[in-house]
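Accompanying notes for the structure given below.
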Amino acid sequence: MVAAALLIAMPMAMAQNALAPAKIPNLPALGDAERQDLSPITERKIGEEIMRDIRRDRDFLDDGPILEYLNNFGNALVAARPGARGEANYDYYFFAVRDPQLNAFALPGGFIAVHSGLLLAAQTESELASVLGHEIGHVAQRHIARSIGQQKQDALIPLAAMILAALASRAGGDAAIGVFMGGQGLAIQRQLNFGREAEREADRIGFQIMGEAGYDTTGMVAFFQRMQSATRNYSDLVPAYLQTHPLTTERIADIQARIRDQPYKQRADSLDFYLVRSRARVLQAQGSQAMAEAKQFFEEQMKQENRLQLTAGQYGMAFWSLKNGEPANAQAWLDKARGTFNKAPPPGTFSAAPKPASDAIFVTTSIEIKLGKSDDHESIAKGLEEAKAAQLKFPLSRTVSHLYAEAMIAAGKYDEAAAYLRDQAQLYREEPEVFDYLAQVYSKQGKIALQHIALAESYMLQGGTLSALEQLGFARKASDASFYDQALIDARERDWQARQREAMGDKAKKDLALQPAFKAELRSGSSASGSNGTGSTSSASGLGISADREWADPSGRLRQSTDPFERLRQKSDFDSLTR
């Protein structure tokens, strides 16, 4: 019953297993008939609302190299299919969540998630491309908007409930069922019928995207079979007519038939694919037993003769050592990994020359190791030197940019950091991390008004309107607030209050916002300079976050430990958040 209920609760946006049939003519981008019910703009806004809560969840893998790899990889697939961005010209965003299940899903508006378990299960980039291609197909065909049918905007509430139910399934079947039943569900049979057709449509588009991007489509069958084995414990108990996705056996047969006449295409995997999987394996491990198992995996991986596998095992040991508080060992393993990958084959050996690597992940990890020695001024200075060189070599890397800012702050270069971050804030207005670092720099400089203005910008970008307005109030009362600061505070306050009134004016949006998972607000942190609210805690990001409970990740950054989806089931938490 639990498995059946979960399958019912998952709309077609939740593409559990993403592989695709053969190449076909381009399919039209649908959506015109649905625009009155869910416009592309509204769809994007709903996706952004959900993403704000996912970002606050402790299982969101906020890891720079993983996010950067997934977005570079995913957007290259998007570029292979003209029109995949649709009429609204969606900016796709790919991310990972900590979950051992083989799953991936698409949210409204172009947000696509990959479970860490699926990332580890994919043995090649072609297999990963089949997953993301399928999810891109869901977004390109606007399956979420089409699932609403003839209903009006009030359908956004049950839609959000179903999406949250699927996400909450990792907390247990009862939790997911409770979330789903709490929403005003759409007609179940209609969802199921449409879901199966949507999956086939996403398969066809995903296959086309893979082929045009140059990936090997034959790997799809192997991945399907691996997924079928992993899900056999519940999928076999559910009748075919109750499944939103076509039966896995049917999809395997369909793929085999479609690729039979396709020419074989081999594609070498990138080094980054292996390195991000090593990072994901460590970040997925929670607890001493899981970390020990990750270490054992890397030790076995290093026994293989394959150069990429050996490099990945050595890099995994480096990242494992870093997270385990062993920076010296981390540096030694990282040097070994670099040497292994760059080592030329022995003379007379028939081997392809090593493929040039971007080296970005090696570089960022080296900086992470050096900045991790917070009491070693020489190490911090070397980290800053490496970060500055990396910023010139990889000017578009957001991971490198953030590490450069962190290195300047750690080295006490506050004026340089402030100037750099102000420029970054102009270029990347939607990045709360930039304003977090700015707030930290201003705190070190004693610029209290600017510190709170920066925190307000960060909170607003994360959906914490009330907390953002509270920070503006602190900034207004700061003794060092200049006339220009006061004018900026007034302008921001008017703008944000107007947005709040607009959001509260639409009943459907208001009801959606009142769901505890969407209402979670970041609270301002405790003062670093007393009880007058003029400072913030000295966490790694410069943020003071007050929540029901807090936890520190290995970098020292404070995170909320309360699962936002759990709040859907806890009325007391909801009351405390909305007072």
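Considering GLU430, GLU457, the condition of being of a type outside the set (S, T, N, Q), closer than 22 Å to ARG55 by Cβ and either in a helix (DSSP H, G or I) or touching a Phe, Trp or Tyr at 6+ places or on another chain (Cβ under 6 Å) (or both) is satisfied by GLU457 alone. State whether one or more residues within the stretch 94-109 are modelled with pLDDT of 85 or more and part of a helix (DSSP H, G or I). No, the stretch 94-109 contains no residue that is modelled with pLDDT of 85 or more and part of a helix (DSSP H, G or I). In the stretch 216-234, the residue that is modelled with the highest pLDDT out of those that are open to solvent by 20 Å² or more (accessible area, probe 1.4 Å) and in a loop (DSSP other than H, G, I, E, B) is ASP216. Among the residues making up the stretch 376-419, those that are aliphatic (A, V, I, L, M), open to solvent by 20 Å² or more (accessible area, probe 1.4 Å) and touching a residue at least 24 places away in the same chain (Cβ under 8 Å) are ALA381, LEU384, ALA410, ALA411.
Looking at the stretch 473-492, can you tell me whether even one residue there is among the basic types (Lys, Arg) and either assigned to a loop (DSSP other than H, G, I, E, B) or touching a Gly at 6+ places or on another chain (Cβ under 6 Å) (or both)? The answer is no, given that none of the residues of the stretch 473-492 is among the basic types (Lys, Arg) and either assigned to a loop (DSSP other than H, G, I, E, B) or touching a Gly at 6+ places or on another chain (Cβ under 6 Å) (or both).
Answer yes or no as to whether ALA503 is modelled with pLDDT under 50 and small (Gly, Ala, Ser). So ALA503 fails the test.
Of all residues in the stretch 472-487, those that are under 15 Å from LYS447 (Cβ atoms) have Cβ atoms under 6 Å from Cβ atoms of residues that are of a type outside the set (A, V, I, L, M), 6 or more apart or on another chain, in PHE474/HIS452; PHE474/GLY533; ALA475/HIS452.
Taking the stretch 103-128 on its own, how many of its residues are at positive phi and open to solvent by 10 Å² or more (accessible area, probe 1.4 Å)?
First, the residues of the stretch 103-128 that are at positive phi: 109-110.
With the extra rule that they be open to solvent by 10 Å² or more (accessible area, probe 1.4 Å), the set shrinks to none.
Adding up the residues that qualify gives 0.
Are any residues in the stretch 275-316 among the hydroxyl-bearing types (Ser, Thr, Tyr) and either at pLDDT below 95 or open to solvent by 20 Å² or more (accessible area, probe 1.4 Å) (or both), and if so, which ones? Explain how you work it out, then say what you get.
Taking the stretch 275-316 as the starting set, the residues that turn out to be among the hydroxyl-bearing types (Ser, Thr, Tyr) are 278, 288, 311, 315.
SER288, the sole residue that qualifies.
Quick one: what pairs do we get from the stretch 296-316, first residue in a helix (DSSP H, G or I), second modelled with pLDDT of 95 or more and hydroxyl-bearing (Ser, Thr, Tyr), C-beta under 6 Å, 6+ apart or different chains? So the pair list comes out as LEU308/TYR274; ALA312/TYR274; ALA312/SER278; TYR315/SER278; GLY316/SER278. The one condition from (1) of a type in the set (A, V, I, L, M); (2) farther than 18 Å from ARG279 by Cα; (3) in a helix (DSSP H, G or I) that LEU128 does not meet is (2). Checking the structure you have, find out if any residue of the stretch 420-437 is in contact with a Gly (Cβ under 8 Å, 6 or more places away or on another chain) and buried (at least 24 other Cβ atoms within 10 Å of the Cβ). Checked the stretch 420-437: at least one residue is in contact with a Gly (Cβ under 8 Å, 6 or more places away or on another chain) and buried (at least 24 other Cβ atoms within 10 Å of the Cβ). Considering only residues in the stretch 337-359 that are modelled with pLDDT of 90 or more and open to solvent by 20 Å² or more (accessible area, probe 1.4 Å), the one that is farthest from ALA411 (Cα to Cα) turns out to be THR340. Among the residues of the stretch 308-346, those that are of a type in the set (A, V, I, L, M) and over 25 Å from GLU125 (Cα atoms) comprise LEU322, ALA328, ALA330, ALA332.
The values are calculated or read from the model by the stated rules, or taken from the named source; none is laboratory data. Please read these numbers as outputs of a predicted model, since none were measured by experiment. So basically every Cβ, Gly included, is an ideal-geometry build from the backbone, and we count neighbours across all protein chains shown. To get the accessible areas, we keep the full protein, side chains included, count just its heavy atoms, and leave off ligands, DNA and RNA. Shrake-Rupley method; radii C 1.70, N 1.55, O 1.52, S 1.80 Å.
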